[in-house]
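Data block below; observations after.
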Amino acid sequence: MSKSNRRVLCIAGLDPSGHAGIITDIRTINSLGLSCCGVITVLTDQTRTSYHSSHPVSSDIIMEQIQHIFEEGQIDSVKIGMLYSAGTAETIIDLIDRYQPPNIVLDPVLVSTTGGELLDPDAINILKEGLIPKIDVLTPNIPEAERITGNKISAIEDMITAGKNIAGLGCRNILIKGGHLEENSIDILVTGNDHYKIRGEYVPDHEFRGTGCVLSSAIAVNLAEGMELQEAVIGAKLFLEKARKDPVFDDAGTAYLNLSGAGSD
Ligand code: PLP
């Protein structure tokens, strides 16, 4: 794998099981050959099949850590994941305003696959009105896009409408992931007034957790490497498909996404 001096800042929650969250983000970024630094927004207690609780990290320490990372050196993209609290979202808005980093990708995680609420209901308006307008690429799945827009999505046309509505909030590019529609491997990328259908290969799943973390982290890597948006999204989708198609099984038969990518992990 070629060596890159690009660096991704990852701001996300800790899922100690490693199935999702910042552990998955860092593994994805490293496996694609970039270094990253990471700031944890919230400590959660989760497993592959269960969600127990969330414990936000104080906004003061999040602020100081991110500030010191920006002051220390170059950041070529930012991946933002679980925020949980309104205070954390506000802190990140302030920091984006202050440091204006390039290539900000936000995976607006609201609910885990296991049913845990990953964003305090008080934070949804701050997310919509304060943070989303500052984002370069937002990657909602269908339930997240429904919650952000308030509209039900049951077909591709609804995905396009939802993407345009979110663009109306000020977000530059929106990738709506179609996986929650029956056997749908089509994602919709809305960019300005245009939209594109990005077809993937439908991969029968082992109910992996963390697929959204992998996709958004891989997009952040590709943008940091200077790819155009469509190329970055398609490359990230291919990486995720590969990770799903060829899982790693533990001794109990549990399937894990195979993030070894080109082989450095
Ligand atoms: N937990 C944390 C800390 C996360 O960051 C995320 C996703 O970003 C999730 C859980 C949700 O993962 P999943 O929807 O795959 O369960």
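Quick check: anything in segment 112-123 within 16 Å of the ligand (Cβ to nearest atom) and closer than 23 Å to I188 by Cα?
For segment 112-123, residues within 16 Å of the ligand (Cβ to nearest atom) and closer than 23 Å to I188 by Cα: present.
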Only residues that are outside any helix (DSSP H, G or I) and under 21 Å from the mean Cα position of the chain (by Cα): list them for segment 152-161, please. I153
If a residue must be over 15 Å from L138 (Cα atoms), part of a loop (DSSP other than H, G, I, E, B) and within 16 Å of the ligand (Cβ to nearest atom), how many such residues does segment 71-88 contain? 1
First in segment 146-173 and closer than 21 Å to A220 by Cα and modelled with pLDDT of 95 or more, second anywhere and polar (S, T, N, Q) and exposed (fewer than 12 other Cβ atoms within 10 Å of the Cβ), Cβ under 9 Å, 6 or more apart: A167/N193
Looking at T91, is it assigned to a helix (DSSP H, G or I) and buried (at least 18 other Cβ atoms within 10 Å of the Cβ)? yes
Given (1) more than 17 Å from N141 (Cβ to Cβ); (2) surrounded by 15 or more Cβ atoms within 10 Å (Cβ to Cβ), identify the lone condition not met by S260. (2)
Can you name the residue in segment 1-17 that is among the basic types (K, R) and part of a loop (DSSP other than H, G, I, E, B) and, of all such residues, is modelled with the lowest pLDDT? K3
Report, by residue number, each residue of segment 18-41 that is within 11 Å of the ligand (Cβ to nearest atom) and either surrounded by 23 or more Cβ atoms within 10 Å (Cβ to Cβ) or modelled with pLDDT under 95 (or both). G18, H19, A20, G21, I22, T24, D25, T41
Index of the failed condition, V109 passing every other in (1) within 16 Å of the ligand (Cβ to nearest atom); (2) surrounded by fewer than 21 Cβ atoms within 10 Å (Cβ to Cβ); (3) of a type outside the set (D, E): (2)
Grab the strands (runs of 3 or more DSSP E) fully contained in segment 162-265, keeping just those with 2 or more residues being within 16 Å of the ligand (Cβ to nearest atom). 173-176
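Residue-by-condition table, conditions (1) over 21 Å from G192 (Cα atoms); (2) within 14 Å of the ligand (Cβ to nearest atom); (3) surrounded by 23 or more Cβ atoms within 10 Å (Cβ to Cβ); (4) more than 17 Å from the chain's Cα centre (by Cα):
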residue: Y51; (1), (2), (3), (4): yes, yes, no, yes
residue: H55; (1), (2), (3), (4): yes, yes, no, yes
residue: D60; (1), (2), (3), (4): yes, no, no, yes
residue: I69; (1), (2), (3), (4): yes, no, no, yes
residue: R98; (1), (2), (3), (4): yes, no, no, yes
residue: V105; (1), (2), (3), (4): no, yes, yes, no
residue: G130; (1), (2), (3), (4): no, no, no, yes
residue: K134; (1), (2), (3), (4): no, no, no, no
residue: P143; (1), (2), (3), (4): yes, yes, no, no
Here the residues within segment 1-17 that are surrounded by 19 or more Cβ atoms within 10 Å (Cβ to Cβ) and within 12 Å of the ligand (Cβ to nearest atom) are C10, I11, A12, G13, L14, D15
Can you say whether G33 is outside any strand (DSSP E or B) and touching a Ser or Thr at 6+ places or on another chain (Cβ under 7 Å), as far as the supplied structure shows? yes
If you take the residues in segment 110-123 that are touching a residue at least 24 places away in the same chain (Cβ under 8 Å) and in a helix (DSSP H, G or I), which one is nearest to G212 (Cα to Cα)? A123
Among the residues of segment 216-229, are any of a type outside the set (K, R), at pLDDT below 90 and on the phi < 0 side of the Ramachandran plot? no
Among the residues of segment 240-251, is any buried (at least 21 other Cβ atoms within 10 Å of the Cβ) and in contact with a helix residue (DSSP H, G or I) (Cβ under 8 Å, 6 or more places away or on another chain)? yes
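The values are calculated or read from the model by the stated rules, or taken from the named source; none is laboratory data. Computed from a predicted model, the values in this text were never measured in an experiment. When we count neighbours, we look across all protein chains shown, and the Cβ atoms used for this are built from the backbone with ideal geometry, even at glycine.
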